[in-house]
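Asker: This is the structure I want to talk about, given as structure tokens.
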Amino acid sequence: MIIDKLAYNSRLSKTAPTEKVIFAITSMIICIISNSILVSFITILAMLFIIIHIGKTNIKTVFNLMTVPLFFLIFGCMAIIISISTDKSEMILYIKLGKIFLGVTKYSIFSVAITFTKSLGAVSCMYFLSLTTPVNDIFSLLRKSIIPDFIVEIAELIYRYIFVLLDVCEKIHLSQDSRLGYVNLKTGYRSTVLLVSNLFIRSMNQAEKTFTALSARGYDGSINLLSEKHKHNKPFILFGLTYIFGVTALTVFLKAGIK
Amino acid sequence: MRKSQVYKFPKSFMTVLEGHFCAKTYFTYKGEKFMLLANKKTKLFITALSLIAVIPTLNVSAMHIMEGYLPITHSIIWGIICIPFLILGGISIQKQTAKDSKTKILLALAGAFVFILSSLKIPSVTGSCSHPTGTGLGAILFGPSIMSVLGIIVLLFQSLLLAHGGITTLGANTFSMAIAGPFVSFGIYKLSRKLKIPFSVSVFLGAAIGDLVTYVVTSFQLALAFPDTNIFVSLAKFMGIFAATQLPIAIAEGILSVMIMGVLEKNCKNELQQLKVI
């Protein structure tokens, strides 16, 4: 949950969330639509610039976080890069398995390169959002949207209780581990089962307690929270606007150039 | 070509290789065949192959489709497909919360429980740790239509707090993990209960098959987005690659769900009856 802590500590955490969400989603969509390696690289650099330079998030932590999606990308890209066909004429490199050929074509390398950079570009946009915007601000935006209020309320409560239950979970895990609860596979399973079932019982008890506590304070079925006051961050708005205009122009130019 | 880069193979071995590798990896010199060991392409290919062997040992939650991985039209279409299920779940939640205001808090804790469950590392058969989807157990405990609403909230948190999955791929991920998986899990669980199959076996079948369905649906989504020569070939490819991690996880999750339900059945019958499981 390090992302959550970083979001609260970012210099951009007090900036109006509407601007940040619009900026993140627009640049994400441009990055995906443009389908070009150049635009993706520009997106990655711009997002890193905002997160690190304007948001003042630790550079090492950001780079560590960028490796999280790599696992999925390696998986997914492997399936794209290896193509299977009975025709070997287009393949640069292949293995023969019976009548079919497993191999790499020029086209598959190209499409992997695009997908990989495009996905990293979009991930960096998402990181911009999650590293600068506390989740509570996103809730205040969701309340204004078409999503019904009771669902946003449940989401808010889930967010709160994730941390409560995570705390319980970590404590149980630590005490199990220090008593050699995960020494081999069989004990590991037993410990995991005890952990999960205890967590379930605790969470049901917690629901009971929370409901009692809330009813004692006049709970009538809805929880209303005040949202924080937000400021406008001038360097961010300036950079964001120039970035979006620049990248859109570049995308249009590239698309026109290809045709 | 320098000699140090060349290795002379016995002829019988070469004839085997001849059929399987492409012609560029070896050459003939004065009537004898040589294989290029330091060939860059060969190295690349061997690296790629060895990656396949390494990947099952990595600690992954591979079922989330990463941000930006799908074309924008696919993202939107999967999002639209999810909407009726979410509306169904929303209506059933609204009805229950109108009846009893405690339901909202119960659901919130259920959601938090599912989130923790999916971020838990389970000891897997291959020796590595892997994350369960947790949706099978969730569907059996809380019902599939409620699970779809809780699932999309949990997936949103996973993308924002853990960088698993993404905002543009939220629709696709919701369909595979919070709709297809839970509905199949719940259906199989209920069906096997009706067929008088023992409680533990039906929980195992529900959780394991639900997990497998999630994985098949994700492969299908990826295959649609990246068709090779045709969709079925790429479906086979994606399924083949994910099978290495997902089959052990599905079995592990099935076993764990059975054991967890066993403990819960013993210790908190009241809560389970409240949730209409038994």
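Nothing in this text is a laboratory measurement; each read-out follows from the coordinates by a stated rule. These figures come from a predicted structure and were not determined experimentally. Glycine gets a Cβ as well: all are built from the backbone with ideal geometry, and neighbour counts include every protein chain shown.
Asker: Compute the distance in nm between two label points, each set 7 Å from the Cα along the Cα-to-Cβ direction, one at B:Lys99 and one at A:Asp220.
Answerer: Between B:Lys99 and A:Asp220, the simple spin-label model gives 2.3 nm.
Asker: Check every DSSP H run in chain A and write down those whose alpha carbon atoms cover 20 angstrom or more along the long axis and whose mean Kyte-Doolittle hydropathy is 0.5 or greater.
Answerer: Length and hydropathy pass: A:17-34, A:106-132, A:149-178, A:234-258.
Asker: With runs of 4+ DSSP H residues as the only contributors, calculate the mean residue ellipticity of chain A at 222 nm using -39,500 (n - 2.57) per run, divided by the residue total and rounded to the nearest 500.
Answerer: Taken over chain A, the calculation gives -24000 deg cm²/dmol.
Asker: With 10 angstrom as the radius, rank A:His232, A:His173 by how many other C-beta atoms surround their C-beta, starting from the fewest.
Answerer: So the residues, fewest neighbours to most, are A:His232, A:His173.
Asker: Looking at chain A only, what percent of DSSP beta bridges run antiparallel? Nearest 5 please.
Answerer: Taking every DSSP beta bridge with both residues in chain A, the antiparallel ones total about 90 percent.
Asker: Using the 10 angstrom Cβ neighbour count as an exposure proxy, how do A:Arg11, A:Arg179, A:Arg217 rank, fewest first?
Answerer: A:Arg217, A:Arg179, A:Arg11
Asker: For A:Ile146 paired with B:Gln273, estimate the spin-label separation in nm (one decimal), with each label point 7 Å from Cα along the Cα-to-Cβ line.
Answerer: Computed distance between label sites A:Ile146 and B:Gln273 equals 4.3 nm.
Asker: Also: How would B:Glu253, A:Glu170 line up from fewest to most surrounding beta-carbon atoms within 10 angstrom?
Answerer: Ranked by crowding around the Cβ, least crowded first: A:Glu170, B:Glu253.
Asker: Could you sort out which of A:Lys209/B:Lys269; A:Lys229/B:Lys95; A:Lys56/A:Lys229; A:Lys20/A:Lys229; A:Lys186/B:Lys196 sit more than 23 Å apart by Cα distance in this structure?
Answerer: A:Lys229/B:Lys95; A:Lys186/B:Lys196
Asker: Given Cβ point charges of +1 (Lys, Arg) and -1 (Asp, Glu) and nothing else, what value in debye, to the nearest 20, does the dipole of chain A about its Cα centre take?
Answerer: Here chain A has a charge dipole of around 500 debye.
Asker: With label points built 7 Å along Cα→Cβ from the Cα atoms of B:Phe199 and B:Ile76, find their separation and express it in nm.
Answerer: Taking the simple label geometry, B:Phe199 and B:Ile76 are separated by 4.9 nm.
Asker: Output the peptides B:185-193, A:180-188 sorted from most to least packed, where packing is the average of other Cβ atoms within 10 Å over each peptide's residues.
Answerer: Ranking the peptides B:185-193, A:180-188 by packing returns B:185-193, A:180-188.
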